[in-house]
Amino acid sequence: MGNRTIWLMINVTFDCNRNCSFCYVQDEWSGTITKQVIEKLVSRYKEHLEKYGHSRHNIVSLFGGEPLLYKELSVKVIESLKEITPDIFRDVFTNGDLLDEDFVKWSKETRTTIYLSANNSSLEFLSEKMELVSKYRKYAGLSIVLSKQNLNRLDFLVDLCATYNFHPRLRHEYGGGIDKDYISLYDKILPKTIQRVLDRNYIFFPHFFYEMTAPFWNKPYFDHTCGKKYFVIDPNGDVRICLAQGTKIGNLFDEDFEFVEKMKFHKHPIFRFEGIVECEKCEFKILCGGGCPLSKLIAFNDTRRESPFCSTFKKVFPMISELERRWENVGRKVNF
């Protein structure tokens, strides 16, 4: 991917109309993006394109908080970046409370993918919103934080995805690795659910883990944007390297700010299996990359060891590879 590829994760606002126990937004984070910050972001993105060129892997994602609390600003972000590079991948994550028919129609017109967050919403609520989206969109995603509640109802959530042609996007709780009961439940549920997906012949995009521990790059080696090409833009223009932790590498308004150069001069944990004894001898190292650095920092205060979810990954990676094979066989190549 080289220096051309960048992923822009934009926090439109830190305001939210929910209060999920597993939310990673820290109490001191606040604010809503302004038109001035959007204009500066567009300017910095143009500068990146002029220096490095465009990559078909570039992505812009809207996060929060709840971005649909400020629909006008969310739309402006997407349409401003789309105007520069019409083929940039774009998506928006929402809890669904403010998701209406007009926004879904706009998402179709702009080819912006909707990721409905499962959170702790009822199955009835999720079904209603997924049905609305499916009236206009052939593809959408259900973003599932694997809380204990969602682990215990994961089969039902996956069945909803199959019903409405949504693709599940799973992420364990970042702090789950310090809870033995959580690790045990994760290890019990996840392999069973993914095996059930295979048994029922559900065809899902095999990008099953948020930490990208699935072979979706179609390359013979592991590559992840985290800590290299992954940039979180906060409402005030601050730029960080991870949605869930606060390491700042600069601000869009800094005179010398440049995405690629700023990342080079900051030490930050990245996905890396080299030098980790358990990982180097593992047959799945090129799929896993050693696991999410933040999860390891929280669990062990050390990124130079295997993921706290390692044993589960080893169970499910063969299943994920089979899911990829089936995806390819129906003509939908795994290709970002």
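Distance from the alpha carbon centroid of the range 240-307 to that of the range 21-91 works out to 22 angstrom. Surface calculation, 1.4 Å probe, protein heavy atoms: W29 sits at approximately 40 Å² accessible.
Remark: accessible surface ordering of F205, F317 (largest first) is F205, F317, probe radius 1.4 Å. Across E283, E255, E66, mean-square fluctuation computed from a Gaussian network of the chain (C-alpha pairs under 10 Å connected) peaks at E255. For the range 113-153, the share of alpha carbon pairs falling in successive 5 Å distance bins from zero is 5, 23, 32, 21, 12, 5, 0 percent.
Accessible surface for I178 stands near 110 Å², nearest 10, in the context of the full protein assembly shown (1.4 Å probe). Accessible surface calculations at 1.4 Å, restricted to protein heavy atoms, place the chain at 44 Å² per residue. Once the Cα-Cα distance is subtracted from the 0.36 nm per residue extended length, the D155 to I178 segment shows a gain of 5.8 nm. Only protein heavy atoms count here; on that basis, with a 1.4 Å probe, R4 has an accessible area of about 110 Å². Listed values for the range 22-32 are Karplus-derived 3J(HN,Hα) couplings in whole Hz (6.51 cos²θ - 1.76 cosθ + 1.60, θ = phi - 60°), namely 9, 4, 8, 5, 7, 4, 7, 7, 7, x, 9, and x replaces Gly and Pro. Beta bridges assigned by DSSP with both partners in the chain are antiparallel in approximately 20 percent of cases.
When the residues Y24, Y186 are ordered by accessible surface, computed with a 1.4 Å probe over the protein chains alone, the sequence from largest down reads Y24, Y186.
Computed per residue of the chain from DSSP H runs no shorter than four, each worth -39500 (n - 2.57), the mean residue ellipticity at 222 nm is -12000 deg cm²/dmol.
Using a 1.4 Å probe and counting only protein heavy atoms, arrange K192, K296 so the residue with the most accessible area comes first. All intermediate terms of the calculation are to be shown ahead of the outcome.
Values: K192 100, K296 5 Å².
From most accessible down to least: K192, K296.
Shape class of the chain from the Cα gyration tensor (axes a ≥ b ≥ c, square roots of the eigenvalues): rounded, since a/c falls below 1.5.
The values are calculated or read from the model by the stated rules, or taken from the named source; none is laboratory data. A quick note: this is a predicted structure, and the numbers were derived from the prediction, not measured. Side chains included, ligands, DNA and RNA excluded: accessible areas come from the protein's heavy atoms. Shrake-Rupley method; radii C 1.70, N 1.55, O 1.52, S 1.80 Å.
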